[in-house]
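Shown next, in structure tokens, is the structure this report addresses.
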Amino acid sequence: MENVKVKHSNIHDLSVFQDDQIEMRTNAVIDGMQYLGQDVFVNNKRIGNFAGQYHINRTDTMLENINARLIENGVNIADVGIVDRKWAYGGVNSRTMTFNREVINPVEGDAVKAQITLINSYDGSRKASICFGLMRLVCLNGMVALDKDSGVQAFKKHTNSDVFGNEYNKISMFKSAVDHFDKQLQTYANTVVDLKTIRNTLKNTIAKNEVKENQIMEYVESNNRGSIDKIDLYSVYNGVTEWATHHEARKTADVNNVYLSRQMDVTKLLQSQDFMQLVA
């Protein structure tokens, strides 16, 4: 299966994920070779082997639960931009929903829309996750959650048949999370630090080599709205999310995995003690 990417606007359309046959086989025999333990097959292709406890949680079932919570809590689902993705032979799935009616303007003339992203895997490569995020319209940056206080995020291992359980109820905090991020981004915009401090913060968190450090700093400095040696944290946020979203991946790399890895880097940065001390 090649990488799949489908754009649409109907949250109830789960066909990208419903069409997949997902099954668990124990001690499977393939071409005369026996594989001990539990094997997950997607459309008859073996994609993962699990020695311990593992439960299949279908992506379409998770989305049905998320959709139900969105509707219960009065979120406008009539105007939503959706991107469904599958990669790694269907072993990893994601859906990103951009809510076109949930718009904030933390800085005048800079509109940002609310997003929710579900990521699920059948191959054991990553936990199931629900994350609140933002989409900056001026450059279509995917902007990840700023901190842990938004409430709309969950990361769970596939250790039971209902991986999220009561965590789905966090969707009820969607509207308050939008307000929270609006205020937080305004705080970022009003917090100015030295560029040298940002470089050191990157070194201490996500930029473990000089090449990566310089890559990210190039985007940070191009977003700087201030002086040569000073920068506000909103510009820093825009810079690191632009790097995560738009910096070209190596031709040999899986673009989807690179993108997710960078998003996790941005989350790690924003939720690090080094960065939070700058905000404080």
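We did not get these values from a lab; they are worked out from the coordinates using the rules stated. A quick note: this is a predicted structure, and the numbers were derived from the prediction, not measured. As a convention, Cβ positions derive from the backbone with ideal geometry for all residues, glycine included, and neighbour counts pool all protein chains shown.
Quick notes
- Too-long pairs where the Cα-Cα distance tops 21 Å, listed order kept, from 230/268; 157/208; 196/268; 86/127; 5/208: 230/268; 157/208; 5/208
- Rounded to the nearest 500, the helix-only mean residue ellipticity at 222 nm of the chain stands at -10500 deg cm²/dmol, with each DSSP H run of n ≥ 4 adding -39,500 (n - 2.57).
- Put simply, the Cα atoms of segment 78-233 extend 53, 37, 25 Å along their principal axes, the longest span coming first.
- Most mobile listed residue (66, 228, 82) in the chain, GNM with C-alpha springs under 10 Å: 228
- The charge dipole of the chain, taken about its Cα centre with unit charges on the Cβ of Lys, Arg, Asp and Glu (plus for the first two, minus for the last two), comes to roughly 400 debye.
- Put in order of Cβ neighbour count within 10 Å, fewest first, the listed residues 243, 87 become 87, 243.
- Identified option (computed P(r) over Cα pairs in 10 Å bins from 0, in percent; candidates (1) 6, 21, 21, 14, 10, 10, 9, 6, 2, 0; (2) 6, 27, 32, 22, 10, 2, 0; (3) 6, 26, 35, 23, 8, 2, 0): (2)
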